[in-house]
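Asker: One structure coming up, written as structure tokens, with questions to follow.
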Amino acid sequence: MINKLRRKFIAIAMCSMVLVLGCIVAAMNIMNYWNVNEDADRTLNIISDNGGVFPKDFSDQGNMQGQKPDDLQKKKPPVEMSPEAPFETRYFTVEIDSTGNVSSVNTGKIAAVSDSDAKTMAENLYSKNKTNGFINNYKYRLIDTQSGKMYIFLDCNQRLQTFYSFLITSVVVSFGGIVLVFLLVLIFSKLAVKPVAESYQKQKRFITDASHEIKTPLTIIDANTEVLNMEYGENEWLKSTSNQVKRLTKFTERLVFLSRMDEEREVLQKTDFSISDAVYEATKPFKAMAKSQNKTLNISVQPNVSYYGDESSIIQLVSLLLENAMKYSDDEGTVSLKFCTNGKNKVLSVKNTVEEIQKGRLDMLFDRFYRTDKSRNSQTGGFGIGLSVAKAIVNAHKGKITAVSTDGKSIEITAVL
């Protein structure tokens, strides 16, 4: 149990770490990519506003694109941009006339793209009605001109390489950080659960020691009761004492069993056996019990099913579920046991009618000492640990057990082995 608690602690810590770090890395890279787009859009705005050229100096703007100086000098580069921006910016333009044909190509500001490549890219985008976006490492925009339209392609290779480099670095560093944190959590988790482990060990030792201490006086009381029965004859007081001794003996045995199961070592003797026969044999004592209590017991067991497990524990599981169903079913109620296979799984379900219970999942019934109706404790004579033992048996066989009420008038407990 302590190892399971430690694993849960490590899992929760690492999931929290991965979630927080993942959100931080994702937010940083999203913002970084957004800045790349914003920076590219800002540059494209400048080129668009200046007729397809990036202004660098008023004196030689008239030599660009063969356009008039008066047209190019209408807008100035933003003051916040670096003076080196006109020399660092790589772009090319492709003009398309009103008929949809390429009329001119300008690749004077980029060396990596030829005129034919630029023309092909523009024709491809224009045929698909693309107006803006990315193609390869170029961000493009389609603008209107006096003679038709113009595609402006901005080289974002350097910006994107910086983004990808940051993305890879952040992921690698984050992964390394997660591994480092995992190692630290793995080391210090022992210290974190140490107080719980010590407390739990003391609790288990107390249960085991107390159970063994109780067994001795119970044995003596039971023996003395038998002697008194033989000497004075059976009476209601001796019978009551004998019943209480049996109750406490069963209770201590179940406490010891739970304590052993919690030690997380193999306490079951697993072999191949006929689980169908085991289930059917476990139901026999309850037939007379059901008849004496005027209750209906329906049994359906699929024959010839074998299973690898602890036969005595499976018999105990069936007995516990039927005992619980008989004990808490309503007067003249119905108890149904069904055992069958479902694929590779073996399914054991016990259903009993009740006077009233909440609908839905009732997995709290497997909590130790949980009672649905505390006012009936004296009538039922239970301790509230029978279903806890049943759950421990199912868990030891790597199975799953659930309790559910679909109508508020019955409870069905299903164990999948």
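Read the figures in this text as sums done on the coordinates, not as results from a lab. This one's a predicted model, so the numbers in the text were calculated from it and none came from an experiment. No Cβ is skipped: glycine too gets one built from the backbone with ideal geometry, and neighbour counts run over all protein chains shown.
Asker: If you line up the long axis of helix 2-49 against the longest principal axis of the chain, both from Cα atoms, how many degrees apart are they, to the nearest 10?
Answerer: Between helix and principal axis, roughly 20 degrees.
Asker: Within 11 Å, Cβ to Cβ, of E311, how many net charges do the neighbouring residues add up to if Lys/Arg are +1 and Asp/Glu are -1?
Answerer: My count for the surroundings of E311 gives -3.
Asker: Something else: Defining a contact as two alpha carbons under 8 Å apart and six or more residues distant in sequence, what relative contact order in percent does the range 271-416 show?
Answerer: 24 percent
Asker: For the cross-link pairs K8/K215; K246/K284; K346/K409; K194/K351, which exceed 32 Å when the distance is taken from alpha carbon to alpha carbon?
Answerer: K8/K215; K194/K351
Asker: Follow-up question, since we're still on this one. Quick check: from the Cα gyration tensor, does the range 214-314 come out rounded (a/c under 1.5), prolate or oblate?
Answerer: oblate
Asker: Hey, another quick one. Note down the nm distance, to one decimal, between modelled labels 7 Å out along Cα→Cβ at S147 and at E355.
Answerer: In this crude label model, S147 to E355 measures out at 9.7 nm.
Asker: Another question, if that's okay. If the only charges are +1 at each Lys and Arg Cβ and -1 at each Asp and Glu Cβ, what is the size of the charge dipole of the range 271-416 around the Cα centre, to the nearest 20 debye?
Answerer: Using Cβ point charges on Lys, Arg, Asp and Glu, the range 271-416 gives about 200 debye.
Asker: What does the C-alpha gyration tensor say about the overall shape of the range 95-145? Classify as rounded when a/c is under 1.5, otherwise prolate if a/b is larger than b/c, or oblate.
Answerer: Oblate, because a/c is 1.5 or more while a/b does not exceed b/c.
Asker: Related question: Return one number: the angle in degrees, 0 to 90 and rounded to the nearest 10, between the long axis of the Cα atoms of helix 157-232 and the longest principal axis of the Cα atoms of the chain.
Answerer: The answer is roughly 10 degrees.
Asker: Now for a separate question. Sort F188, F257 so the one with the fewest other Cβ atoms within 10 Å of its own Cβ comes first.
Answerer: F188, F257
Asker: As a test of the formula, what do you get for the chain when each DSSP H run with n ≥ 4 contributes -39,500 (n - 2.57) and the sum is divided by the residue count, at 222 nm and rounded to the nearest 500 deg cm²/dmol?
Answerer: Computed mean residue ellipticity for the chain: -18500 deg cm²/dmol.
Asker: Follow-up. In degrees, nearest 10, range 0 to 90: what is the angle between the Cα axis of helix 386-396 and the longest Cα principal axis of the chain?
Answerer: Its long axis makes an angle of about 50 degrees.
Asker: Going Cα to Cα from K149, which lysines come in below 17 Å? Please leave out same-chain ones fewer than 8 positions away.
Answerer: K119, K128, K130, K139
Asker: A further question on this structure: Order by neighbour count: Y307, Y91, fewest other Cβ atoms within 10 Å first, most last.
Answerer: With the sparsest Cβ surroundings first, the list reads Y307, Y91.
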